[in-house]
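Chemist: Once you've had a glance at the structure underneath, I'll fire off some questions.
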Amino acid sequence: MPRDRRGGLGLGAMLGFAVGDYACNLYWQSVSIFLLFFYTDVVGLPAATAGMIYMIASVFDGAIDPLMGVLADGTRTRWGRYRPYLLFGAVPLGASFVLLYYQPPLQGAGLIAFVLVAHLSFRVTYTAVSIPYTSLTARITRSSDERSTLAAFRIMFATVAGLTVAMLTRPLASMSVGPLGGFAVAALAFAAIATIILPAVFVAVREPPLEAEPPRLHLCQHWQAVRGNGAFWVLMIGITMAVVCSTALGKSVLYYFKYYLHDEAGAQIALSVNAAAGLLIIPAWVVASRRVGKRGAWFIATAWGLAGLVFFAVTDIRSSALMTGFLVYMQVAVLGIAMTFWSMLPDTVEYGEWRSGLRTESVIFGLGQFFLKVALGLGAGLFGWALGHVGYVPNQPQTPETLAGLKTIMIVLPAFGVAASGLVMWFYPMRRDDHADIVRDIAQKTAAATAASPQVVNSPELVREPSLPQRIGERAYQR
């Protein structure tokens, strides 16, 4: 990829890569914000059934992520390991997304089966593109600071995609074209945009040449590279706790505006303002992570989120404007955790390589997305179950008890998850400068081993850890 004068990634290279997140998040933001609502209030599925379908699809999606990681990690083409998936996966992904929002003329078990199969099909095609795409982060740079900047650009494009979805879904959903209902028309428009962008990312991004590729790892070697990676496992537990429980807040926005505030149109405004605010929030988190480190930024985000939930618990918000302000406040915490997560994840690749002598990239990202998607699925399922438990009935006036239950869901689940994630991240072993030291140590050991015997590279015989045990390795075990 094009480099700047200092040998780092240039701005054009970063933007050319990060715009792929706009494409991916046209799909992902739509699924996250509107799909469950589409199931309950358009298709007419019971909330518990809709939540169960979403949960099954998310768990299935997560289960195939590591398998896709192994497949992508073993791919060798003249275009690289990961780029071909962006080129050849774009069209199937777009088609499956339109099918996801198609409302068939079915009822009962047939309708449920169709919705489930369509959702699973989308998850397969999305995984085939998203795992190779995110894995490129670890390929195109080993600089922790550059990865923070890349994560910021990625989330900014994801935020713009969220803004696009929030602003255009409702207007497009008021249309219909032949057999396609309004939501399917919106899906078709978003799929068309994403299908153009993903091949453009293929053109803009370059991977290291084939001669720089290490040998393929066997399945057991992938596991060997991951199992002792303490940084990765702590990060996975932290993000899982945060996402499972905080999903309830994001899923509840449409319901809160429609039934609690009686301002369904206000939800579109709130989501749009929330997404737009992210463009200002993300640069602030880049600065914060460079000043206090990625782990410190995570702690700040959790404290910020807990403070907002306390405010929501003691305030009866009956104004759309005040609710929008609260959501923007909480967006600060959500984006802080998201940005630090995606910035930390590629750093765990080198930590695992340093610990085991084996480098695995897409398996790390595959497992990372496995935990993330399972957490989202469990969160959606938990939210659907809780919504049904408090007496929610679609498209009907809700009882005061149901509305009180909805607010309780929006407070208790996110507060537990955010607090638990902050506690878990206390055990994250890498501090601000540790990753740079690890990268230098790996480079020195690799150079020495290559000079002695080229066959030793990317082998468990090349164990990295002894050079830095006192400051990083032992500290992880002393906690």
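Chemist: If you average the C-alpha positions of segment 272-350 and of segment 389-424 separately, how far apart do those two centres end up, in angstrom?
Modeler: So the two Cα centres are separated by 20 Å.
Chemist: Also, I was wondering about something else. Taking the full set of protein chains and a 1.4 angstrom probe, give the accessible area of ARG290 in square angstrom, rounded to the nearest 10.
Modeler: Here the residue's solvent-accessible area equals roughly 110 Å².
Chemist: If you roll a 1.4 Å probe over the heavy atoms of the protein chains, what accessible area per residue do you get for the chain, in Å²?
Modeler: 39
Chemist: Quote the FRET efficiency, to the nearest 0.05, computed for MET175 versus ALA265 with a Förster distance R0 of 25 Å and r equal to the Cβ-Cβ distance.
Modeler: Working: r = 17 Å, r/R0 = 0.67.
Step by step, r from the Cβ atoms, then E = 0.90.
Chemist: Which percent of the accessible heavy-atom area of segment 3-74 goes to carbon and sulfur, probe 1.4 angstrom?
Modeler: Numbers: 1610 of 2420 Å².
Carbon and sulfur together cover 67 percent of it.
Chemist: Over the heavy atoms of GLU264, what accessible area does a 1.4 Å probe trace out, to the nearest 10 Å²?
Modeler: Accessible area, nearest 10 Å²: 80 Å².
Chemist: Follow-up. Regarding the chain, what are the three Cα extents along the principal axes, ordered largest first, in Å?
Modeler: 74, 48, 41
Chemist: If R0 is 41 Å, what FRET efficiency do you get for GLN444 and ALA303 from their C-beta distance, rounded to 0.05? Intermediate results must be reported in sequence, preceding the final value.
Modeler: Values: r = 38 Å, r/R0 = 0.94.
My answer for the efficiency is 0.60.
Chemist: Do you know the relative contact order of segment 315-409, to the nearest whole percent, from alpha carbon pairs under 8 angstrom that are 6+ apart?
Modeler: Working: 29 pairs, mean separation 13.3, N = 95.
Rounded, it is 14 percent for segment 315-409.
Chemist: If you count, for each residue, the other Cβ atoms within 10 Å and average over each peptide, how do 24-35, 241-252, 275-286 line up from highest to lowest? Display every interim value, and only then the final one.
Modeler: Working: 24-35: 23.3, 241-252: 25.1, 275-286: 18.5.
So the peptides 24-35, 241-252, 275-286, ranked by packing, come out 241-252, 24-35, 275-286.
Chemist: Sticking with this one: Are there DSSP H segments in the chain that both extend 15 Å or more along their axis (alpha-carbon positions) and score a mean Kyte-Doolittle hydropathy of at least -1.0? List them, or say none. Mind dumping the intermediate values first?
Modeler: Numbers: long enough: 20-30 (16 Å, -0.65); 47-73 (39 Å, 1.21); 83-100 (25 Å, 1.44); 108-140 (49 Å, 1.14); 144-173 (42 Å, 0.71); 182-204 (34 Å, 2.42); 230-255 (39 Å, 1.59); 264-314 (40 Å, 1.12); 320-356 (53 Å, 0.67); 362-389 (39 Å, 1.33); 400-425 (38 Å, 1.41); 434-452 (27 Å, -0.06).
Going by DSSP H runs, the hits are 20-30, 47-73, 83-100, 108-140, 144-173, 182-204, 230-255, 264-314, 320-356, 362-389, 400-425, 434-452.
Chemist: What is the dipole size for the chain, taken about its Cα centre, with +1 at each Lys and Arg Cβ and -1 at each Asp and Glu Cβ, in debye to the nearest 20?
Modeler: With only Lys, Arg, Asp and Glu charged at Cβ, the dipole is about 740 debye.
Chemist: Which whole-number percent gives the relative contact order of segment 1-127, counting Cα pairs below 8 Å spaced six or more residues apart?
Modeler: Details: 64 pairs, mean separation 30.5, N = 127.
Once divided by the residue count of segment 1-127, the mean separation gives 24 percent.
Chemist: Quick one: Debye curve from the alpha-carbon atoms of segment 1-160 only, equal weights, vacuum; give me log10 I(q)/I(0) at q = 0.20 Å⁻¹ to two decimals.
Modeler: -1.27
Chemist: What relative contact order, as a whole-number percentage, does the chain give when Cα pairs under 8 Å and 6 or more residues apart are counted?
Modeler: The value is 27 percent.
Chemist: To the nearest 10 square angstrom, what accessible area does TRP223 show with a 1.4 Å probe?
Modeler: 130
Chemist: Ignoring ligands, DNA and RNA, what percent of the accessible area of segment 210-313 is carbon or sulfur (1.4 Å)?
Modeler: Working: 3010 of 4350 Å².
Of the solvent-accessible surface of segment 210-313, carbon and sulfur hold 69 percent.
Chemist: Another question, then. Note down the Stokes-Einstein diffusion coefficient of segment 24-97 in µm²/s, whole number, using a Kirkwood radius over alpha carbon pairs, 4 °C, and 1.567 mPa s.
Modeler: Details: Rh = 14.5 Å.
Estimated via Stokes-Einstein, D reaches 89 µm²/s.
Chemist: Additional query: Between ARG290 and TRP426, with labels modelled 7 Å along Cα→Cβ, what's the label distance in nm to one decimal, could you check?
Modeler: Result: 3.1 nm between the two label points.
Chemist: For segment 306-459, what does the convex hull of the Cα positions come to per residue, in cubic angstrom? Display every interim value, and only then the final one.
Modeler: Details: hull volume 21.2 nm³, N = 154.
Spelled out: Cα convex hull of segment 306-459, divided by residues, is 138 Å³.
Chemist: I've got another one for you. With +1 on each Lys and Arg Cβ and -1 on each Asp and Glu Cβ, and nothing else charged, work out how big the dipole of segment 46-202 is about its Cα centre, in Debye to the nearest 20.
Modeler: It comes to approximately 380 debye.
Chemist: Further, regarding this structure: Beyond 20 Å, what share of the Cα-Cα pairs of segment 230-377 is found? Please give it as a whole percent.
Modeler: On the way: 5961 of 10878 pairs.
Of all Cα-Cα pairs in segment 230-377, 55 percent lie more than 20 Å apart.
The values are calculated or read from the model by the stated rules, or taken from the named source; none is laboratory data. Every value quoted in this text rests on a predicted model; they were computed, and no experiment measured them. We place every Cβ from the backbone using ideal geometry, glycine too, and count neighbours over all the protein chains shown. Ligands, DNA and RNA are excluded from the accessible area calculation, which covers all protein heavy atoms including side chains. Shrake-Rupley method; radii C 1.70, N 1.55, O 1.52, S 1.80 Å.
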